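Worksheet: one structure, shown below.
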Amino acid sequence: MGRPSPEGPGTVRHTPRAPESGLPVLPEVRAAAVAAADRPVAGPLGGSAVLREAAAGHWTRRGLRTRAADVVAAPGAPALLCALIAAHDGDVLMPRPSPAWWTPQARMLRRGAYHVPTPAESGGVPDPYALLETVRRVRAEGGAPRLLLLSVADDPTATVAPPELVLEACEAAVAEGLHIVSDETWRDTLHRPHETVPVSPAEMYPDQVTVVTDLAGALLPSAWPAAVARFPAAQEAHRARALDVLTALGAVVAEPVAAAAAVALDEPAPVVARAEGAAALYGRLAEAAHLAVVAAGALARPPQAGRHVYVDLGPLRAGLTARGVNDSMELEEYLTGRLGAPAPGGHRFGDELGALRVRLPLAPLAGSDPAERLESLASPAPLELPHVAEALSRLAEVFDELR
């Protein structure tokens with residue numbers, strides 16, 4: 001493992017977006033944005049008191065007692081992560097694969113970015129022994145690992161790490177002096193919330209974990225960028241440094257978006273119903289998509305959260321090679337063309353270029369427009385709707401032809 005070159009922070013212009021819900025904004029959330037649209041003065045950097053109180057309540061309801069003073073808001077998770085990395089000196093470690101926007105943030109700040117393998121059962125959290133070995137090797141080569149990024153409910157693998165793995169990885173990280181950033185954007189998109197138990201690292205090590213949540217995961221459309229971070233009370237200096245970075249960037253949440261975010265984070269009944277309904281819908285679509293790709297001979301961990309499926313087409317390499325597809329860049333181009341929807345290759349998530357892996361979005365299966373997706377959301381049997389059945393049939397056909 002060589003030290004990353006200090007030259008060239010890396011191209012960040014083409015990072016694929018997180019999987020969209022494709023659903024229209026709830027009337028209650030839209031009304032809050034409209035009511036704030038005429039405010040002539042921007043809200044404070046780091047978020048208004050109302051927004052931070054709402055975020056504190058959101059986390060407290062999930063077992064993480066939080067004060068408004070511990071919360072920082074920004075226009076999207078990338079801005080928050082940039083501020084967090086800048087607030088902590090040293091190199092960054094993250095699981096492989098990991099969200100496509102993590103590595104560019106570290107490289108843009110000219111920090112070393114090291115990927116650590118994940119265990120077979122789930123992504124998002126590194127294997128503890130591989131983490132310790134990576135820390136040792138980085139230090140031996142002159143690096144200074146200081147941050148570990150992880151996600152219990154993961155993009156891109158759509159899995160949820162078991163609590164015992166989270167604990168072991170956090171134990172290893174804390175023992176090596178790493179601060180942990182837990183991206184919990186997808187925590188509220190569990191397909192079977194009564195069967196899957198996500199445990200935040202902040203519940204285990206409250207003084208060594210900063211939690212980040214992008215509201216585009218379950219509460220707001222991605223076109224309304226808003227994210228919140230929960231800093232440990234013991235990390236006030238790092239919170240202040242992160243605020244300095246956001247101030248230098250002018251990274252403030254727009255007033256209409258901040259008002260909508262506060263309503264969404266308060267979780268009135270319509271917001272809860274929408275989040276639960278969307279998670280259930282995408283759970284059914286994920287299960288059907290997973291069955292289709294596995295039936296064709298591909299590999300994929302059973303999806304547990306989110307709006308995507310991460311597929312390994314290694315067993316179908318011969319069929320892909322016959323079509324001129326030899327790596328994940330070519331696979332991305334091929335499947336995007338065949339499916340008519342973006343299918344980013346695994347190289348964007350830190351996987352090896354030669355590995356034939358891809359993230360498949362599920363929103364196109366729910367419908368081609370918001371009206372069809374709302375129909376899917378409201379249906380007790382969405383897989384039987386003509387537009388859903390046709391989309392699933394098309395997905396199966398594309399993969400079956402590679403056998």
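The values are calculated or read from the model by the stated rules, or taken from the named source; none is laboratory data. None of these values were measured; they are calculated from a predicted model. Glycine also receives a Cβ, built like all others from the backbone with ideal geometry; neighbour counts cover every protein chain displayed. Note: areas computed on protein heavy atoms with side chains; ligands, DNA, RNA excluded. Shrake-Rupley method; radii C 1.70, N 1.55, O 1.52, S 1.80 Å.
Kindly indicate whether any position in the range 366-378 is crowded, with 17+ Cβ neighbours inside 10 Å and under 21 Å from the mean Cα position of the chain (by Cα). Step through it out loud before you land on a result.
Looking only at the range 366-378, we keep the residues that are crowded, with 17+ Cβ neighbours inside 10 Å, and these are 366-367, 372-373, 376-377.
Next, only the ones that are under 21 Å from the mean Cα position of the chain (by Cα) stay: 366.
Yes.
Of the residues that sit in the range 103-131 and are of a type in the set (A, V, I, L, M, F, W, C) and in contact (Cβ under 8 Å) with a residue 60 or more places away in the chain, which one is least open to solvent (accessible area, probe 1.4 Å)?
First, pick out the residues of the range 103-131 that are of a type in the set (A, V, I, L, M, F, W, C): 106, 108-109, 113, 116, 120, 125, 130-131.
Still in the running and in contact (Cβ under 8 Å) with a residue 60 or more places away in the chain: 108-109, 113.
Values: 108: 94, 109: 55, 113: 17 Å².
My answer is 113.
Inside the range 80-131, can you point out the residues that are over 24 Å from residue 248 (Cα atoms) and in a helix (DSSP H, G or I)?
Keep residues of the range 80-131 that are over 24 Å from residue 248 (Cα atoms), which gives 93-100, 114-131.
Those that are over 24 Å from residue 248 (Cα atoms) and in a helix (DSSP H, G or I): 128, 129, 130, 131.
Which of the numbered conditions does residue 210 fail, given that it passes all the others? Conditions: (1) assigned to a helix (DSSP H, G or I); (2) farther than 26 Å from residue 361 by Cα; (3) modelled with pLDDT of 95 or more.
(1) is the only condition that residue 210 fails.
Just wondering, is there one or more residues in the range 132-144 that are in a strand (DSSP E or B), out of contact with any helix residue (DSSP H, G or I) (no Cβ under 6 Å at 6 or more places or on another chain) and crowded, with 20+ Cβ neighbours inside 10 Å? Even if it seems obvious, please write down each step before you answer.
Residues of the range 132-144 in a strand (DSSP E or B): none.
The answer is no, given that none of the residues of the range 132-144 is in a strand (DSSP E or B), out of contact with any helix residue (DSSP H, G or I) (no Cβ under 6 Å at 6 or more places or on another chain) and crowded, with 20+ Cβ neighbours inside 10 Å.
Given the residues 212, 228, which is the only one that is under 24 Å from residue 262 (Cβ atoms) and touching a Leu at 6+ places or on another chain (Cβ under 7 Å)?
Details: 228 fails: touching a Leu at 6+ places or on another chain (Cβ under 7 Å).
None of the others qualify; the one that does is 212.
What single numbered condition from (1) under 16 Å from residue 395 (Cβ atoms); (2) under 22 Å from the mean Cα position of the chain (by Cα) fails to hold for residue 277?
(1)
Of the residues 2, 10, which single one is at positive phi and either surrounded by fewer than 18 Cβ atoms within 10 Å (Cβ to Cβ) or modelled with pLDDT under 95 (or both)? Reasoning before the result, please.
Numbers: 2 fails: at positive phi.
Within the list 2, 10, the selection yields 10.
Quick check on this structure: which one of 284, 317, 348 is under 24 Å from residue 384 (Cα atoms), in a helix (DSSP H, G or I), out of contact with any Cys (no Cβ under 6 Å at 6 or more places or on another chain) and not aliphatic (A, V, I, L, M)? Can you show your working first?
Details: 317 fails: under 24 Å from residue 384 (Cα atoms); 348 fails: under 24 Å from residue 384 (Cα atoms).
Exactly one of 284, 317, 348 is under 24 Å from residue 384 (Cα atoms), in a helix (DSSP H, G or I), out of contact with any Cys (no Cβ under 6 Å at 6 or more places or on another chain) and not aliphatic (A, V, I, L, M), namely 284.
Name the residue, out of 365, 360, that is of a type outside the set (D, E, K, R), in a helix (DSSP H, G or I), modelled with pLDDT of 95 or more and on the phi < 0 side of the Ramachandran plot. Walk me through how you get there before you give the answer.
Numbers: 360 fails: in a helix (DSSP H, G or I).
Just one listed residue meets the conditions, 365.
How do the pairs read when you match residues in the range 35-61 that are over 19 Å from residue 77 (Cα atoms) and touching a residue at least 24 places away in the same chain (Cβ under 8 Å) with residues anywhere that are surrounded by 13 or more Cβ atoms within 10 Å (Cβ to Cβ) and β-branched (Val, Ile, Thr), using Cβ under 6 Å and keeping only pairs 6 or more apart or on different chains?
These pairs meet every condition: 42/252.
Just checking, which of 30, 65 is basic (Lys, Arg) and either in contact with a Lys or Arg (Cβ under 6 Å, 6 or more places away or on another chain) or closer than 28 Å to residue 366 by Cα (or both)? So that I can check it myself, show each step before the final result.
Details: 65 fails: either in contact with a Lys or Arg (Cβ under 6 Å, 6 or more places away or on another chain) or closer than 28 Å to residue 366 by Cα (or both).
One residue alone meets the criteria, 30.
Would you pick out the residues in the range 222-247 that are touching a residue at least 12 places away in the same chain (Cβ under 8 Å), surrounded by fewer than 19 Cβ atoms within 10 Å (Cβ to Cβ) and within 16 Å of the chain's Cα centre (by Cα)?
The one that is touching a residue at least 12 places away in the same chain (Cβ under 8 Å), surrounded by fewer than 19 Cβ atoms within 10 Å (Cβ to Cβ) and within 16 Å of the chain's Cα centre (by Cα): 222.
Can you find even one residue in the range 382-399 that is in contact with an Asp or Glu (Cβ under 7 Å, 6 or more places away or on another chain), open to solvent by less than 70 Å² (accessible area, probe 1.4 Å) and over 30 Å from residue 188 (Cα atoms)?
Here is the first cut: in the range 382-399, the residues in contact with an Asp or Glu (Cβ under 7 Å, 6 or more places away or on another chain) are 385, 387.
From the residues that got through so far, the ones that are open to solvent by less than 70 Å² (accessible area, probe 1.4 Å) too are 385, 387.
Filter once more, so that each one left must be over 30 Å from residue 188 (Cα atoms): none.
No: the range 382-399 contains no residue that is in contact with an Asp or Glu (Cβ under 7 Å, 6 or more places away or on another chain), open to solvent by less than 70 Å² (accessible area, probe 1.4 Å) and over 30 Å from residue 188 (Cα atoms).
So residue 219 passes all but one of these: (1) over 17 Å from the mean Cα position of the chain (by Cα); (2) assigned to a loop (DSSP other than H, G, I, E, B). Which condition number does it fail?
(1)
Could you pull out the residue among 99, 75, 40 that is under 28 Å from residue 240 (Cβ atoms) and either modelled with pLDDT under 90 or open to solvent by 10 Å² or more (accessible area, probe 1.4 Å) (or both)? Steps first, answer last, please.
Details: 99 fails: either modelled with pLDDT under 90 or open to solvent by 10 Å² or more (accessible area, probe 1.4 Å) (or both); 40 fails: under 28 Å from residue 240 (Cβ atoms).
Sole residue among the options that is under 28 Å from residue 240 (Cβ atoms) and either modelled with pLDDT under 90 or open to solvent by 10 Å² or more (accessible area, probe 1.4 Å) (or both): 75.
Name the residues in the range 349-365 that are touching a helix residue (DSSP H, G or I) at 6+ places or on another chain (Cβ under 8 Å) and buried (at least 23 other Cβ atoms within 10 Å of the Cβ), would you? Talk me through it step by step, then tell me what you get.
Filtering the range 349-365 down to residues touching a helix residue (DSSP H, G or I) at 6+ places or on another chain (Cβ under 8 Å) leaves 350-360, 362-365.
Correct list: 356, 357, 358, 359, 360, 362, 365.
Please enumerate the residues belonging to the range 311-327 that are touching a residue at least 40 places away in the same chain (Cβ under 8 Å) and open to solvent by less than 20 Å² (accessible area, probe 1.4 Å).
311, 313, 316, 319, 320
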